[in-house]
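J.: Please read through the structure below; I'll follow up with questions.
The values are calculated or read from the model by the stated rules, or taken from the named source; none is laboratory data. Keep in mind the model is a prediction, meaning the values are calculated, not measured. Neighbour counts run over all protein chains shown; Cβ positions are idealised from the backbone, glycine included. Ligands, DNA and RNA are stripped out before the accessible areas are found, and what is left, the full protein with its side chains, is counted by its heavy atoms. Shrake-Rupley method; radii C 1.70, N 1.55, O 1.52, S 1.80 Å.
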Amino acid sequence: MGDNRIIEAEGITYTYPDGTLAVENAHFYLERGERVAIVGPNGSGKSTLLKILSALMEPQEGSIRFYGKENVKEKELRKKFGIILQNPDDMLFNATVMEDLEFGPAQIGMKRNEFEKILEELDEIFSLSPLLKKPPFKLSEGEKQRVAMACALATKPEVLFLDEPFSALDVGMKRKVVEYLNKLNAEGMAMVTVSHELDIIPRVADRVYLLNRRVVAEGKVEEILSNDKILTENGMEPLPVAKIAAALGMKDIPLTIEEFINALKSK
Amino acid sequence: MIDIDKTAGDITKAIRNFMAAEEFSYINGYMQGIAAEIKIVASVVLIFLAISSSSFVFPLLLLLFSITLALASRISLATYISRFYIIPLFSVIVVLPLAFINGDTGMYGLLINAEGAKYVALFTVRVMAAVATVSLLLFTTRFSAILSALRRMKFPMTLITIMAMVYRYLFTFLTQLVNMLLGRRSRMVERRKSIKGASAFAGNFLSRILSKSDAVYLAMRARGFDGSVKTFDRKFEWSSAGIIYTTMVIAMVFLWAITEL
């Protein structure tokens, strides 16, 4: 079990300098190739926990082990971790989109020809070609989010951390991106997705942590997202499809429209 | 009274125009096909020659040379000139008094010093030629290519990192300013001009910039930044365009020698 774990955190506590307690005594683990989500209401500490788990911030209390070791050089982790921060504006700080895409791979010492191959693949998914020469500030919010995602994926990470990654994407792009992320996951990339919107979670995660400063619940997606009571108690709106299914008295609560339709058809 | 919207708007527009110039470096034009090292060295040489000219001939030739190359690089004349006309204008204002100190020749009721007036004109032409040369370099070379070339040319790493950071934080500065101006305008019925309002805006802006710079630093670290900015190495290659350009620059050096020595 230990060898398989990429991240193992215990008793994580973080308080901001203004006294705001963001995360208290939280635990977390991530295994190779896993898809994990951290859900919770606004201000529940999700983004802070994600930054701690991705080694961008250090917890004030608690311990965190990466690849079974407590002291891993940040440089080593950066080669393996890709991070999409909540605000794409923070991620795009170069003169052009192309320079932003090159930034990560250049920092980790990737060869140019390898980067060019990855870029071709990313271009197919994120439709980057028309944006490459543009300065990031000229992009729409959706375009910025696409570019920010491509920037994080350009290093071919072993673990991808996503902080509210789909908020500005249109439906078609969201579907395409989710499919691509799941393809990368099938090839071995682990994913940690943070979101306060539950509808996307069944498509990007198998295991969920419900966070409200502390880890309130942890389990398989279907266990947590079908638990109306615990979600409501922690300021989350249960999925409409799960609510309807519960009202119809279904035993196995579907989490997506497709599952719901299939359940109705099989009745 | 200070019109903060207009002032901040003008700053934003100027920076945006400056940043937008980077787009030209991706166009398939003449200067874009030349290695950054050649352009940097040539620009330094040409600027040095321009500022050390004692006659109008070389700076005017250099100006013409730069404009021709800009056109060959598919940069329109209006775009190119709009980038650098303002600096020579400032330089005129700085040296203009020299044209009137100890004036002896009367013109429209003003006493003009002929030598001083000549110097003002020469100084302005020199500045114009130098700025045109730098603008051509910046228009046709990606910033990352300039950094990469400076690194290969063994410039101090600290200097290169500072340049890279300043350039990056300009974007943060710009985005914040645009967002704040939009937010302000969306809740204003009429423009107010007050020092109090301006100072509150500036204070708020600075504190936002500070927190934003933390966020950008975090994003840079997230993508592997460890204190020194690395860029993809662009191999130095002599292209035919580079050889022709170098020949033209050498010819310019000879022209300078003929006119000055």
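J.: Taking beta carbons within 10 Å but only from partner chains, what does the mean come to for residues B:134-144?
T.: Working: counts 0, 0, 0, 0, 0, 0, 0, 0, 7, 4, 8.
Average neighbour count from other chains, rounded to a whole number: 2.
J.: Expressed as a whole percent, how much of the Cα-Cα distance distribution for the range A:1-98 exceeds 21 Å? Intermediate results must be reported in sequence, preceding the final value.
T.: Numbers: 1827 of 4753 pairs.
Percentage above 21 Å: 38.
J.: Give me the extension gain from A:Lys243 to A:Lys265: residue separation times 0.36 nm, minus the current Cα-Cα distance, reported in nm with one decimal. Working shown, then result.
T.: Working: separation 22, 0.36 × 22 = 7.92 nm, distance 1.80 nm.
Between A:Lys243 and A:Lys265, full extension yields 6.1 nm more.
J.: Could you put B:Arg187, A:Arg203 in order of accessible surface area, largest first, with the 1.4 Å probe and the full protein assembly present?
T.: On the way: B:Arg187 190, A:Arg203 90 Å².
Heavy-atom accessible area, descending, gives B:Arg187, A:Arg203.
J.: For the ranges A:132-139, A:113-120, what's the packing order if you count other beta-carbon atoms within 10 Å of each residue, average per peptide, and put the highest first? Can you show the working numbers first?
T.: Details: A:132-139: 18.8, A:113-120: 13.2.
Those peptides, ordered most packed to least, come out A:132-139, A:113-120.
J.: For the range A:19-169, what % of the accessible area comes from carbon and sulfur atoms, probe 1.4 Å?
T.: Details: 2430 of 5570 Å².
Carbon-and-sulfur percentage of accessible area, whole number: 44.
J.: Would you be so kind as to identify which of A:Ala186, A:Ser226, A:Leu153 lies farthest towards the positive end of the dipole of the range A:132-267, taking Lys and Arg as +1 and Asp and Glu as -1 on Cβ and the Cα centre as origin?
T.: A:Leu153
J.: For A:Glu76, project a label point 7 Å along Cα to C-beta. Then give me every residue of the range A:1-25 with its amide nitrogen under 18 Å of that point.
T.: Zone members listed by number: A:2-9.
J.: Pairs A:Lys138/A:Lys176; B:Lys154/B:Lys230; A:Lys75/A:Lys156; A:Lys174/B:Lys212; A:Lys80/A:Lys156; A:Lys111/B:Lys235: which exceed 18 Å Cα-Cα?
T.: Over 18 Å Cα-Cα: A:Lys138/A:Lys176; A:Lys174/B:Lys212.
J.: With 10 Å bins from zero, work out the P(r) of the range B:1-133 over every alpha carbon pair and list the percent per bin.
T.: 11, 31, 30, 20, 8, 1
J.: Would you mind working out the magnitude of the charge dipole of the range A:136-267 relative to its Cα centre, with +1 at each Lys and Arg C-beta and -1 at each Asp and Glu C-beta, to the nearest 20 Debye?
T.: Numbers: 18 positive and 20 negative charges, 36 e Å.
Taking the Cα centre of the range A:136-267 as origin, the dipole is about 180 debye.
J.: Relative to the present Cα-Cα distance, how much length would full extension add between B:Lys6 and B:Leu60 at 0.36 nm per residue of separation? It would help to have the intermediate numbers written out before the result.
T.: Numbers: separation 54, 0.36 × 54 = 19.44 nm, distance 3.57 nm.
Between B:Lys6 and B:Leu60, full extension yields an extra 15.9 nm.
J.: Something else now. State to the nearest 20 debye the size of the charge dipole of the range A:2-236 about its Cα centre, where the only charges are +1 on K and R beta carbons and -1 on D and E beta carbons. Don't jump to the answer; show the numbers that get you there.
T.: Details: 31 positive and 39 negative charges, 87 e Å.
Charge dipole, the range A:2-236, about its Cα centre: 420 debye, nearest 20.
J.: Please return the longest range in chain B lying between exposed loop sites, taking chymotrypsin sites (Phe, Trp or Tyr not before Pro), DSSP loop only, at most 11 other beta-carbon atoms within 10 Å, and leaving the sites out.
T.: On the way: sites that count: B:Tyr108, B:Trp238.
Counting only loop sites that pass the neighbour cut-off, the longest clear stretch is B:109-237.
J.: Over the whole of A:83-90, what's the average partner chain Cβ count within 10 Å per residue? Rounded to a whole number, please.
T.: 5
J.: What figure, in Å² to the nearest 10, do you get for the accessible area of B:Asp226 with a 1.4 Å probe and non-protein molecules left out?
T.: Ignoring ligands and nucleic acids, B:Asp226 comes out at about 80 Å².
J.: Which longest uninterrupted range of chain B lacks any GluC sites (Glu not before Pro) assigned by DSSP to a loop state (not H, G, I, E or B) and surrounded by at most 11 other Cβ atoms within 10 Å?
T.: On the way: sites that count: B:Glu190, B:Glu237.
It runs B:1-189.
J.: Given N residues in the protein assembly as shown, what is its alpha carbon radius of gyration divided by 2.2 N^0.38 Å? Please list the in-between numbers first.
T.: On the way: Rg = 28.9 Å, N = 528, 2.2 N^0.38 = 23.8 Å.
It is 1.22.
J.: Now a separate question. With labels modelled as points extended 7 Å from the Cα through the Cβ direction, what inter-label distance (nm, one decimal) is found for B:Arg208 paired with B:Met188?
T.: So the label points at B:Arg208 and B:Met188 sit 1.3 nm apart.
J.: At q = 0.08, 0.12, 0.16 Å⁻¹, what log₁₀ I(q)/I(0) does a Debye calculation on the Cα points of chain A give, no solvent, two decimals?
T.: Scattering profile of chain A, log10 relative to I(0): -0.34, -0.76, -1.27.
J.: Let me ask something additional. In chain B, if the dipole is taken from +1 on Lys/Arg beta carbons and -1 on Asp/Glu beta carbons about the Cα centre, which of B:Leu71, B:Val120, B:Tyr217 is farthest to the positive end?
T.: The listed residue farthest towards the positive side: B:Tyr217.
J.: Take every Cα pair under 8 Å in chain A that's 6+ residues apart, average their separations, divide by the length, and report that relative contact order as a whole percent.
T.: Numbers: 466 pairs, mean separation 63.7, N = 267.
Relative contact order comes out at 24 percent.
J.: Given the -39500 (n - 2.57) contribution per DSSP H run of 4+ residues, what per-residue ellipticity at 222 nm results for chain B, rounded to the nearest 500 deg cm²/dmol?
T.: For chain B, the value works out to -24000 deg cm²/dmol.
J.: So, one more: About its Cα centre, what dipole magnitude does the range A:15-108 give when the only charges are +1 on Lys and Arg Cβ and -1 on Asp and Glu Cβ, stated in debye to the nearest 20? Numbers along the way, then the final one.
T.: Working: 11 positive and 14 negative charges, 91 e Å.
Roughly 440 debye for the range A:15-108.
J.: If you count, for every residue in A:129-135, the Cβ atoms of partner chains within 10 Å of its Cβ, what is the mean? Walk me through the numbers on the way to the answer.
T.: Working: counts 0, 0, 0, 1, 7, 4, 8.
Mean inter-chain Cβ contacts per residue within 10 Å come to 3.
J.: Could you rank the peptides A:67-77, A:35-45 by their average count of other C-beta atoms within 10 Å per residue, with the highest value first?
T.: Working: A:67-77: 12.5, A:35-45: 21.3.
In descending order of packing, they fall as A:35-45, A:67-77.
J.: Which value in deg cm²/dmol, rounded to the nearest 500, describes the helix-derived mean residue ellipticity at 222 nm for chain A, given -39,500 (n - 2.57) per DSSP H run of n ≥ 4 and division by the residue count? Write out the running numbers ahead of the final one.
T.: Numbers: 12 runs with 107 residues, N = 267.
Taken over chain A, the calculation gives -11500 deg cm²/dmol.
J.: Accessible area per residue of chain A at 1.4 Å probe, in Å²?
T.: Working: 11860 Å² over 267 residues.
Ligands and nucleic acids excluded, the result is 44 Å² per residue.
J.: In square nanometres, what is the average projected area of the Cα convex hull of chain B?
T.: On the way: hull surface 77.0 nm².
Across all orientations, chain B yields a mean hull projection of 19.2 nm².
J.: Give me the accessible area of A:Glu141, 1.4 Å probe, in Å² rounded to the nearest 10.
T.: Counting only protein heavy atoms, the figure is 100 Å².
J.: Here is a further query. Once ligands and nucleic acids are excluded and a 1.4 Å probe is used, how much of A:Ser129 is accessible, expressed in Å² to the nearest 10?
T.: 70 Å²
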